Amino acid sequence: MKEHALPPSLGSPDSPDSPDSPDSIAELPDGFDEALPAPFADLWYIVARSRDLGPKPLARRLYGRDLVLFRDGAGRAAALEDRCLHRHVRLSRGRVDGGALECPYHGWRFDGGGACVGVPCAAPCETLPRRRVPSFAVVEQEGSVWACVGPNPPPAPPRWRRPEEEAAGAAWFEAELVMATPLRWVLENFVDCGHTGFVHGGLFRGKPTRVVRAVVEDTPTGVRVETFGESDPQSLLGRLFASRGEIMQHTDEIVLPHQARIRYRFGARSALTVSICTPEDAGTTRMFTRVYVDFGPLSRLVAALVYPVTRRIMLQDQVILEDQAAQVRRYGARFGGSSAADVPAAFVARAFDELGRGTFPRTPGRKKEIEYKL
């Protein structure tokens, strides 16, 4: 991909404060490789919500593979390659009958393991084809359908909430969004607080006015960012969650290669956002998000108020990230500079790339303390 040289600027490769210096890790890695890292295929990704598997087959993409999801005769979720072995027609255009997936072209039928169990036009003396439609590992857990297209899936998918995150009185909701942008950039966006006052101004944060301190560090599973001295009296969510001027506790955690966990605490109240991001292909990401709100007896009411705001914020991010992806494909991925506010995204970018190359986690891990306006 062609790169366009830019003048030296804060954090650029030609500036004294370059990313190769131990004092700076602000600059995002140059270049953009659209190939998905091969090791990531051997992982669980959410492909649908349980309630999405109804009487009709469901088409999905995962890691560049076209899948068809349905429930077999025992009601279990199944995932096959979305291609009939007879004439390659998409099986997702067919129907589910008696737990078998029926091709829309000639009616060939397949079970949850991809075996052919019926050929309507076959003569009584004919035997069924022995070849199978490729099938993939599936686990249904906590209302989500997880799939793995690699040959070596882990024992079990991750849980939505960790034991220490459970709260008996919490209310929650979920949302789903497909973005034409690569997985890595979606993850970077979660820790990029600098964009929020501009992309989501009035809903989530306002223009930067307050200097905050953040500690950014590698973890054994990704990157953690803890921000200190933050308050948000200018936005709708800030006024809903916190008393005027109240300082919040804010932690962002990226669990590579596909999970973001964002937690805010306001005294005894808290909000936890968990997003699990599925790479449909190198340039498209399907994001499944759950927001858990613990506001005591007001949790259900607060969750109902926050849901439409969250949907709006997700759509605003979609517009920006898709524009960025389109522009990078047009002009190249050599960015012109960065500031301290970009350090969290740079940590995520580097850790993501290193995990794909098999060089993450590092020992010792990186850690940096920064100050910037938020």
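The values are calculated or read from the model by the stated rules, or taken from the named source; none is laboratory data. Since the model is a prediction, treat every value here as computed from it, not as a measurement. Quick reminder, even Gly has a Cβ in these numbers, built from the backbone with ideal geometry, and neighbours come from all protein chains shown.
Worth a mention:
Each row is one residue, and each column tells you yes or no for (1) modelled with pLDDT of 95 or more; (2) touching a strand residue (DSSP E or B) at 6+ places or on another chain (Cβ under 9 Å); (3) of a type in the set (D, E, K, R); (4) closer than 30 Å to Gln324 by Cβ.
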position: Arg93; (1), (2), (3), (4): yes, yes, yes, no
position: Tyr105; (1), (2), (3), (4): yes, no, no, no
position: Cys125; (1), (2), (3), (4): no, no, no, no
position: Phe136; (1), (2), (3), (4): yes, yes, no, no
position: Glu140; (1), (2), (3), (4): yes, yes, yes, no
position: Val191; (1), (2), (3), (4): yes, yes, no, yes
position: Gly197; (1), (2), (3), (4): no, no, no, yes
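- Looking across segment 347-371, just one residue is modelled with pLDDT of 95 or more and more than 16 Å from Arg224 (Cβ to Cβ), and that is Glu371.
- Residue list for segment 267-287, restricted to those being among the hydrophobic types (A, V, I, L, M, F, W, C) and either closer than 15 Å to Pro158 by Cα or surrounded by fewer than 19 Cβ atoms within 10 Å (Cβ to Cβ) (or both): Ala268, Val274, Ile276, Cys277, Ala282
- Matching residues in segment 346-374 - criterion: being free of Cβ contacts under 8 Å to residues at least 40 places away in the same chain and among the hydroxyl-bearing types (Ser, Thr, Tyr): Thr359, Thr363
- Of all the listed residues (Asp52, Asp33, Asp17), the sole one being more than 23 Å from the chain's Cα centre (by Cα) and either of a type outside the set (A, V, I, L, M, F, W, C) or modelled with pLDDT of 95 or more (or both) is Asp17.
- A Cβ distance below 8 Å, combined with a sequence gap of six or more or placement on separate chains, defines the contacts here; from segment 325-345, residues that are over 15 Å from Asn189 (Cβ atoms) reach residues that are aromatic (Phe, Trp, Tyr) and outside any helix (DSSP H, G or I) in the pairs Gly332/Phe32; Ala333/Phe32; Ser339/Tyr372; Ala340/Tyr372.
- Considering the conditions (1) buried (at least 21 other Cβ atoms within 10 Å of the Cβ); (2) out of contact with any strand residue (DSSP E or B) (no Cβ under 8 Å at 6 or more places or on another chain); (3) without any contact (Cβ under 8 Å) to a residue 40 or more places away in the chain, Arg205 is excluded by exactly one of them, (3).
- Residue count, segment 143-197 (criterion: part of a loop (DSSP other than H, G, I, E, B) and over 18 Å from Ile254 (Cα atoms)): 15
- Residues of segment 168-198 that are among the hydrophobic types (A, V, I, L, M, F, W, C) and more than 19 Å from the chain's Cα centre (by Cα): Ala168, Ala170, Ala171, Phe198.
- Qualifying residue in segment 323-331 (condition: at pLDDT 95 or above, under 17 Å from Glu217 (Cβ atoms) and among the charged types (D, E, K, R)): no
- Pairs, first at pLDDT 95 or above in segment 285-296, second charged (D, E, K, R) and crowded, with 21+ Cβ neighbours inside 10 Å, C-beta under 7 Å, six or more apart: Arg286/Glu280
- Boolean, Ala41 is in contact with a Gly (Cβ under 6 Å, 6 or more places away or on another chain) and part of a strand (DSSP E or B): no
- Verdict on Val96 being in contact with a Pro (Cβ under 7 Å, 6 or more places away or on another chain) and β-branched (Val, Ile, Thr): yes
- Positions within segment 142-169 being at pLDDT 90 or above and of a type in the set (A, V, I, L, M), in sequence order: Val145, Ala147, Val149, Ala156
- Selection status of Pro257, in the same structural domain as Gly194 (by TED's automatic domain parsing), buried (at least 21 other Cβ atoms within 10 Å of the Cβ), under 10 Å from the mean Cα position of the chain (by Cα) and not in a strand (DSSP E or B): yes
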